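The values are calculated or read from the model by the stated rules, or taken from the named source; none is laboratory data. Since the structure is predicted, the reported quantities are computational estimates derived from the model, not experimental observations. Because the Cβ atoms are built from the backbone with ideal geometry, glycine has one as well, and the counts that use them run over all protein chains shown.
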Amino acid sequence: MNRPPDEIILRVEGLTKAFGEIKALQGIDLTLRRGEFLTIFGPNGAGKTTLIKILSSLVKPTAGRFTINQYTAREHGEAMRRLIGVISHRTFLYPQLTAYENLAFYGEMYEISALDSRIMQLLGMVGLKHRAHDPVRTFSRGMQQRLSIARALIHDPPLLFLDEPYTGLDPHASELLRDLLLRLHDQERSIILTTHNLSRGLEMCDRVAIQVAGRIVFSAPKSEIDLETFPQLYFHYASQQSDEVRSDA
């Protein structure tokens, strides 16, 4: 894919979110280049999920702004939503429906043309074509998460937000998810992954950030980081997390 090496797909400026007296985000600034994989590490309560919800237009910020492909949520909400796919520990699947029916439901929402072939292509990509017509309630946790990736890709978005996607997965399912994410990165999709799993988060990313108490306290290209000492650096920052209860749900 030919693209300018520094083309910005996501720009976040001064993003703040308060829930009453609780400040979940405190002036977040970040950029994501097209084709870049950014991992945001942070302890529970750091505001990682709140950040993803705002960037997904599920929650409104208290202050600050962000643009995706120069679109703003206020003026171009529908166009912006078509550019993103969201994957989290929640699958957003309907257990009584089959895998095919789940993807058809989301595909119809996005008015996808040639939907049948798109569904079968995605089921093949995530290794579930043989379970296309089985109810999702019969799937393992790992299979449901793989189907959730297909759901997030149904409209072929260039930008993916992954919020703690490894939660609840066994080692085998985690490896399958890792392989899928590497393939998506190879397609030059832009990806933000939030996690507190250092090994998983470091192995795939191009750039690393640490979020603590609603702030980005560290950001650097992975190539400039000493991977052997990074865990100590992370725990140094994470230990500064305030005891104040913060929203990260």
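Does residue 249 qualify as being modelled with pLDDT of 95 or more and either within 16 Å of the chain's Cα centre (by Cα) or in a strand (DSSP E or B) (or both)?
no
So residue 238 fits all but one of (1) at pLDDT below 95; (2) more than 30 Å from residue 23 (Cα to Cα); (3) surrounded by 19 or more Cβ atoms within 10 Å (Cβ to Cβ); what number is the exception?
(2)
What number goes with the only condition from (1) hydrophobic (A, V, I, L, M, F, W, C); (2) in contact with a strand residue (DSSP E or B) (Cβ under 7 Å, 6 or more places away or on another chain); (3) modelled with pLDDT of 95 or more; (4) within 22 Å of residue 184 (Cβ to Cβ) that residue 80 does not pass?
(3)
So which helices (runs of 4 or more DSSP H) are wholly in the range 1-114 and hold at least 1 residues that are among the aromatic types (Phe, Trp, Tyr) and surrounded by fewer than 17 Cβ atoms within 10 Å (Cβ to Cβ)?
Filter on the range 1-114 gives 99-109.
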